[in-house]
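Shown next, in structure tokens, is the structure this report addresses.
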């Protein structure tokens, strides 16, 4: 039997290229996921649920004069983002703790693989897996497109930002997985972090309202005479008013000072990054049809502060929607915060994976 | 060599340059001192057995030698390289078979081997050849393309062995390789380990099955409570006092025969007949042969004359005697 290749000198000193190491780990992870039957069942259920929601949206919105396409498209995106936040931690946070529990992590660590390569490979694989959930909704996005009212420049940005957000959640999951000793703990902490971003930002925003309570000078709205009379049958134009001259104080919230708290919210990042459709010619028509557009608009109102809440601030008529003073996009800040968080956790995780290992948490074994 | 200035020193320690040398190793996990003071040397071309009771620090020592665990104190050299300073250089020539069997269950045996080969930087074509070769060597050729999850414990053990050999390591660390193997596979493992050592590799093997180690080990290091309590070669073990069991059809005659040779023994009679057996300590094999000749010559009906235990077991038991 030939267990050893006899001429030892002929064996070249083995070197593992950085990318080829990442590729091998990626392949290893993906092959395991692809062979898992539960994975396909989950994708199937996922498709049916999203299709049902989008189909119902098509029925109900289609009755009005607005085409349902934009609504459907944004619903798909919001859905994938929402459930992606729930699925991505489960897909990523077991990637290293699972190997620890199986005893396969030490086998990987005993090869020429570096902790960095391991993390890159694991992250890319879990990201690819969570993108699978986006890919199966492509037919539904295609369906929405057929109505012809989807604002096309926004579509690739929405999909792209959604993919980036899933990638960030996966990075959080993989990093925590490297730090944690037990899968359950890793998944839970990842969920908490995602909740911190998704709900925590909203709660912080809501609670901070009290801190930015301000007193502003307002005046009355004066409506045209004919609106006051009982026999007015014309269209009520909400913008058709002037402001009175007598000022009186009123409580308001300087929300423009705390809008940054919302920045790291994944929904805000995605919605805010999307280019806005130009205002429709008909002023009456509601512009932001879908949930993502609504979020984006809400953020812009918040950035405008009291101007958006009070029709006659300091005796000056407010412009609606508040576009006059552009405070700049919010998403680069949010994405920056998320990237810093993910990078910090990944760096800590990388240190934890270094071998020969120094400190070990109590109750754990290397192998 | 890394530093030319130290060449004289290296010259002096040429003996320790090859194989594994560890001195003064210590490692604790929290308040538990898994390894307190271990000196260890394994030479190339020999099988060094690592023997000790559960919790004596065998696995911790192997993890440190495998460059996975950092010792709190002490130094390790694997073929002259320090695993702390150059872990990757050490890993490229090291094969480690852990005591816990971990596999990617969805992958086939062949895929597991080629994947690990890729992580050693072995190119695809060579990895394929090597995987085939090793699967045949460990007798998994027929199961090469079934998922690892269907492998039995013994089969998984053999796959683990093949995995440890994938990079053709010069140093092989085997943690309990025989556990879970059927008798046939144990014999195979023994021949394989012997073959590997004879081809010049340094083989370190830990096991509880001492009789088995007798037949493949050249040297043994005994651990107890995280300390090296004895290092010996099997030749030395052969020369030490050993317990023998002598059975006879006539216990009274056996007792008379032994007493005439001035030997102390403990006797155990059979209930149903006059026969019985005696247990005694004999200094070395020559004395044993001499005594057997004398007893047979005196006409005592001897039915069995054999060492009570294996060579290593003998040392192991004598160490336990010495323990307080």
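We did not get these values from a lab; they are worked out from the coordinates using the rules stated. Here the structure is a predicted model, which is why all the values come from computation and not from measurement. Positions of Cβ are backbone-derived with ideal geometry, glycine not excepted, and every protein chain shown enters the neighbour counts.
Details
- The relative contact order of chain A, computed from alpha carbon pairs under 8 Å that lie at least 6 residues apart in sequence, is 21 percent.
- Helix A:115-135 vs. chain A, principal-axis angle (Cα, 0 to 90°, nearest 10): 50 degrees
- Rounded FRET efficiency, nearest 0.05, which uses the C-beta distance separating residue B:266 from residue B:286 and R0 of 25 Å: 0.65
- Contour minus Cα-Cα distance for residue A:340 and residue A:34 (0.36 nm per residue): 107.1 nm
- Dimensionless Rg ratio for segment B:51-148, taking C-alpha atoms and the 2.2 N^0.38 Å reference: 1.28
- Fully extending the segment from residue A:86 to residue A:354, taken as 0.36 nm per residue of separation minus the present Cα-Cα distance, adds 93.5 nm.
- Distance between segment A:149-164 and segment B:83-143 - C-alpha centres, whole angstrom: 44 Å
- Residue order, fewest to most beta carbons within 10 Å, for B:96, B:104, A:331: A:331, B:104, B:96
- Helical contribution to [θ] at 222 nm, DSSP H n ≥ 4, -39,500 (n - 2.57), averaged over chain A, rounded to 500: -18000 deg cm²/dmol
- With N as its number of residues, chain A has a Cα radius of gyration that, divided by 2.2 N^0.38 Å, comes to 1.29.
- Shielding by partners - mean other protein chain Cβ count within 10 Å, residues of B:112-125: 5
- With a 10 Å cut-off around each Cβ of B:98-108, the average count of Cβ atoms from other chains is 6.
- Shape summary of chain B, radius of gyration then Dmax from alpha carbon positions: 23.7, 77 Å.
- Treating r as the C-beta distance of residue A:317 and residue A:210 and R0 as 41 Å, the FRET efficiency rounds to 0.90.
- Whole-number D in µm² s⁻¹ for segment A:46-148, Kirkwood Cα-pair radius fed into Stokes-Einstein, 20 °C, 1.002 mPa s: 135 µm²/s
- Candidates B:31, B:109, B:207, ranked by Gaussian network fluctuation over chain B, Cα under 10 Å, top entry: B:31
- Mean separation of Cα contacts under 8 Å (6+ apart) over length of chain B, as relative contact order %: 20 percent
- Taking all pairs of distinct alpha-carbon atoms in segment B:240-322, Kirkwood radius in angstrom: 13.1 Å
- Helix A:291-304 axis, angle to chain A major axis (alpha carbon atoms, nearest 10°): 60 degrees
- Segment B:243-283 and segment B:156-220 have their alpha-carbon centroids 38 Å apart.
- In chain B, the longest principal axis of the Cα atoms and the axis of helix B:251-260 are about 90 degrees apart.
- Peptide B:158-165 shows a mean partner chain C-beta count of 1 within 10 Å per residue C-beta.
- Reference-scaled alpha-carbon Rg (2.2 N^0.38 Å with N residues) for segment B:170-324: 1.27
- Size of the protein assembly as shown as Cα extents on the principal axes (Å, biggest first): 141, 65, 49
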